[in-house]
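Heads up, the thing below is written out as structure tokens.
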Amino acid sequence: MTRFLALGSLGSGLLLAGLAGPAAAEVVPAPIFGDHMVLQSDRPVPVFGQTEPGGQVSVTATVVTDAPPDDLINERPAATATADENGRWSVTVGPFQPGTNLTLVVADADAADASAEGEADTADRKVYTDVLAGDVWLCSGQSNMAWGLNNTLDADREIQSAKNDEIRLFTVPRQSVREPKTTLSADAQWMKLSPESARNFSAVGYYFGKTIHTETGRPLGLINSSWGGTPSEAWTRPATLEKTDTAGPLLERWEKTDDADTNRPHHRPGVLNNGMITPLVPFALKGAIWYQGESNAGRAEQYDEIFPAMIEDWRDQFGQPLPFFWVQLANFRAYEDDPNAGSDWAELREAQDNTLDELPDVGQAVIIDVGEANDIHPRNKEDVGQRLALAALEVVYDMDETGQLSPRMTDVAMDGKTATVTFDTDGDALQIRRDESVGADAAAPGEALGFAVAGPDKTFHWAQAELTGPNTVKVTAPAGVSEIVAVRYAWADNPKVTLFNTRGLPAAPFRTDDWPGVTAGNY
């Protein structure tokens with residue numbers, strides 16, 4: 001027979017002075033709470049929402065177990081809090097071990113028998129059942145994150161196999177608003193992973209979660225909060241952008257733009273943060289994954305500053321370190337044979353890569369080998385989600401096997417007409433992969449494509465490159481370059497590349513120069 005154990009925690013609330021609310025005051029938990037949800041394990045979990053100002057709220061977390069009641073320990077009273085002058089309240093429950101099955105009761109503290117089992121929801125009492133403790137990941141960005149599983153490679157096969165009660169999905173409805181909101185539309189709800197729920201869910205989020213669950217065995221909650229075609233500044237609070245050196249012109253332009261004069265009100269700084277992030281705050285998360293950048297490519301130099309600012313902004317809002325992993329832009333558009341052709345996508349990738357050096361607890365999935373020249377939405381989302389998961393497994397879960405991160409340049413030693421490039425290979429080794437789809441059949445055995453060098457005249461020429469060790473590449477200048485002063489690799493919208501690690505992850509693009517690019521000053 002199933003037993004119940006009350007495990008409320010002595011939570012911290014917003015204990016501001018105020019008159020006690022009337023009996024049976026309406027209690028409205030934040031919309032992220034619901035049946036079938038996943039609560040973050042191994043740490044205290046905030047439970048929060050609205051009621052009447054000064055109202056007393058009680059929260060009881062009950063563990064569902066088959067153990068005899070005499071074996072159950074650590075009974076604690078329900079957590080309580082007093083709502084502030086705006087009616088907002090917050091308590092903490094837990095922590096809970098991964099896999100714990102819970103029932104959560106949120107009630108007006110004056111309501112009779114608030115934690116009793118088996119009663120239906122009322123205005124002053126909400127009961128959430130089939131709740132799991134596990135890891136909760138926020139999945140956000142623009143269309144490549146929003147892209148549904150049903151529009152990907154092998155979609156039918158994958159959808160039919162998408163059945164797992166330990167993976168739960170939640171999609172945040174799209175809403176763009178000028179002021180922070182605490183509510184979502186009524187149809188937002190948690191769903192167990194099934195063919196029906198997986199079909200239109202974020203494919204990248206799905207493959208990420210599937211991989212994490214397979215490798216860790218921990219229940220997973222995936223929250224998809226994404227909107228196609230949106231820039232990063234729409235997901236960032238304006239007050240954060242104001243502190244940067246480059247966002248001023250952007251903010252000034254939007255100040256002069258009336259919503260009625262544009263069909264892009266959802267691009268305005270802060271509006272998606274207000275409507276699609278704020279309602280989730282401060283829900284406990286394991287981390288976040290992000291696939292975005294296409295809409296900022298024309299302002300890549302600015303993105304170098306405002307992208308890490310957005311990450312820090314989210315960490316501040318959620319009140320937690322929030323490990324953060326993103327997808328570097330894929331290869332896209334036609335191949336370019338001129339190594340001097342400018343590339344805003346290459347510059348945006350550089351801005352993303354720079355963030356690895358600026359912030360702790362971050363990671364990057366390099367996908368310059370899975371894109372499609374004529375489609376900004378690559379259908380191969382499985383590799384994308386899996387590469388994000390590899391980074392998260394190493395950084396967050398301490399499951400660090402060799403080669404889980406793409407090789408990344410750490411040093412370039414230039415000596416006349418040659419340069420030696422050293423890579424951080426995450427304990428793995430470099431290898432050459434020949435692929436006719438990128439013209440690599442024309443490369444000599446062992447030759448790495450995609451390297452270009454420039455002399456003092458700053459004119460780039462394609463260079464010969466060959467492996468000289470497990471983590472080094474020797475680059476040799478052609479006749480037109482007397483002395484190498486700059487080296488670039490995969491510096492194009494759609495670069496031809498053959499340099500990978502043995503796990504099959506492509507080396508990250510880089511350049512050694514800091515010469516102004518095509519997005520310089522585009523703020």
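Considering the stretch 151-166 alone, what residues qualify as being of a type in the set (A, V, I, L, M) and in contact with a Pro (Cβ under 7 Å, 6 or more places away or on another chain)?
ILE159, ALA162
Within the stretch 361-390, track down each residue that is within 16 Å of MET145 (Cβ to Cβ), open to solvent by 50 Å² or more (accessible area, probe 1.4 Å) and in contact with a strand residue (DSSP E or B) (Cβ under 8 Å, 6 or more places away or on another chain).
Residue satisfying the conditions is ARG379 alone.
Go through (1) at pLDDT below 95; (2) buried (at least 18 other Cβ atoms within 10 Å of the Cβ) and name the single condition ASP261 misses.
ASP261 satisfies all of (1) at pLDDT below 95; (2) buried (at least 18 other Cβ atoms within 10 Å of the Cβ) except (2).
Out of (1) in a helix (DSSP H, G or I); (2) buried (at least 24 other Cβ atoms within 10 Å of the Cβ), the odd one out for PRO308 is which?
Unmet condition: (2).
Only one of (1) of a type outside the set (Lys, Arg); (2) at pLDDT below 95; (3) touching an Asp or Glu at 6+ places or on another chain (Cβ under 7 Å); (4) within 26 Å of ASP42 (Cα to Cα) fails for THR129. Which number is that?
It fails just one condition, (2).
Can you list the strands (runs of 3 or more DSSP E) lying wholly within the stretch 143-246 that have 2 or more residues being within 15 Å of the chain's Cα centre (by Cα) and within 21 Å of LEU272 (Cβ to Cβ)?
The strands (runs of 3 or more DSSP E) meeting that bar are 164-171, 220-226.
Considering only the stretch 247-262, state which residues are of a type outside the set (Gly, Ala, Ser) and part of a helix (DSSP H, G or I).
Correct list: PRO249, LEU250, LEU251, GLU252, ARG253, TRP254, GLU255, ASP259, ASP261.
I'm checking my understanding of the structure. Among residues of the stretch 214-241 that are without any contact (Cβ under 8 Å) to a residue 60 or more places away in the chain and closer than 14 Å to ALA309 by Cα, which one is least open to solvent (accessible area, probe 1.4 Å)?
Checking each candidate, the answer is ALA234.
Looking at the stretch 242-249, can you tell me whether even one residue there is surrounded by fewer than 23 Cβ atoms within 10 Å (Cβ to Cβ), more than 22 Å from ASP316 (Cβ to Cβ) and either hydroxyl-bearing (Ser, Thr, Tyr) or at pLDDT 95 or above (or both)?
yes
When you scan the stretch 406-428, how many residues do you find that are farther than 19 Å from ARG511 by Cβ and out of contact with any strand residue (DSSP E or B) (no Cβ under 7 Å at 6 or more places or on another chain)?
3
Taking the stretch 130-154 as the region of interest, how many residues are open to solvent by less than 10 Å² (accessible area, probe 1.4 Å) and farther than 17 Å from ASN224 by Cβ?
Within the stretch 130-154, residues that are open to solvent by less than 10 Å² (accessible area, probe 1.4 Å) and farther than 17 Å from ASN224 by Cβ number 2.
I'd like to verify a number: residues in the stretch 318-358 that are of a type outside the set (D, E, K, R), in contact with a helix residue (DSSP H, G or I) (Cβ under 7 Å, 6 or more places away or on another chain) and open to solvent by 30 Å² or more (accessible area, probe 1.4 Å), how many?
Residues in the stretch 318-358 being of a type outside the set (D, E, K, R), in contact with a helix residue (DSSP H, G or I) (Cβ under 7 Å, 6 or more places away or on another chain) and open to solvent by 30 Å² or more (accessible area, probe 1.4 Å): 3 in total.
Kindly indicate whether any position in the stretch 373-386 is small (Gly, Ala, Ser), in a helix (DSSP H, G or I) and under 16 Å from the mean Cα position of the chain (by Cα).
Yes, because at least one residue in the stretch 373-386 is small (Gly, Ala, Ser), in a helix (DSSP H, G or I) and under 16 Å from the mean Cα position of the chain (by Cα).
Go through the residues of the stretch 71-79 one by one and say whether even a single one is assigned to a strand (DSSP E or B), modelled with pLDDT under 95 and open to solvent by less than 10 Å² (accessible area, probe 1.4 Å).
Yes; the residues of the stretch 71-79 include at least one that is assigned to a strand (DSSP E or B), modelled with pLDDT under 95 and open to solvent by less than 10 Å² (accessible area, probe 1.4 Å).
Residues being small (Gly, Ala, Ser) and surrounded by fewer than 14 Cβ atoms within 10 Å (Cβ to Cβ): count how many of those fall in the stretch 391-401.
Final tally of qualifying residues: 0.
Report every pair of residues separated by at least 6 positions or lying on different chains whose Cβ atoms are under 7 Å apart, first residue within the stretch 333-344 and without any contact (Cβ under 8 Å) to a residue 60 or more places away in the chain, second assigned to a loop (DSSP other than H, G, I, E, B) and of a type in the set (D, E, K, R).
Listed pairs, sorted by first residue: none to list.
Would you mind stating whether ASP35 is of a type in the set (D, E, K, R), modelled with pLDDT of 95 or more and open to solvent by 20 Å² or more (accessible area, probe 1.4 Å)?
Spelling it out, ASP35 is indeed of a type in the set (D, E, K, R), modelled with pLDDT of 95 or more and open to solvent by 20 Å² or more (accessible area, probe 1.4 Å).
Restricting attention to strands (runs of 3 or more DSSP E) lying wholly within the stretch 438-523, give those where 1 or more residues are open to solvent by 10 Å² or more (accessible area, probe 1.4 Å).
460-462, 464-469, 472-476, 486-489, 499-501
Among the residues that make up the stretch 174-182, is at least one of them farther than 30 Å from ASN263 by Cβ and open to solvent by 10 Å² or more (accessible area, probe 1.4 Å)?
Looking for residues that are farther than 30 Å from ASN263 by Cβ and open to solvent by 10 Å² or more (accessible area, probe 1.4 Å), one finds none in the stretch 174-182, hence no.
Test of understanding: among VAL281, VAL271, which residue is without any contact (Cβ under 8 Å) to a residue 40 or more places away in the chain and either surrounded by fewer than 24 Cβ atoms within 10 Å (Cβ to Cβ) or in contact with a helix residue (DSSP H, G or I) (Cβ under 7 Å, 6 or more places away or on another chain) (or both)?
VAL281
Given the conditions (1) closer than 18 Å to MET145 by Cβ; (2) within 13 Å of the chain's Cα centre (by Cα); (3) part of a helix (DSSP H, G or I), which single one is not true for TRP326?
(3)
Quick one: in the stretch 183-200, of everything that is open to solvent by less than 60 Å² (accessible area, probe 1.4 Å) and touching a Pro at 6+ places or on another chain (Cβ under 8 Å), which residue is nearest to LEU132 (Cα to Cα)?
For the stretch 183-200, the residue satisfying everything is ALA188.
I'm trying to understand the selection: among the residues of the stretch 402-428, which are under 17 Å from ASN471 (Cα atoms), in a loop (DSSP other than H, G, I, E, B) and open to solvent by 30 Å² or more (accessible area, probe 1.4 Å)?
Within the stretch 402-428, THR402, LEU405, ASP426, GLY427 meet the criteria.
The values are calculated or read from the model by the stated rules, or taken from the named source; none is laboratory data. Remember, predicted model here, so these are calculated numbers, not experimental data. Cβ coordinates were reconstructed from backbone atoms using ideal geometry, including for glycine residues, and neighbour counts include every protein chain displayed. For the accessible areas, the whole protein counts, side chains as well, though only heavy atoms, and no ligand, DNA or RNA atoms are used. Shrake-Rupley method; radii C 1.70, N 1.55, O 1.52, S 1.80 Å.
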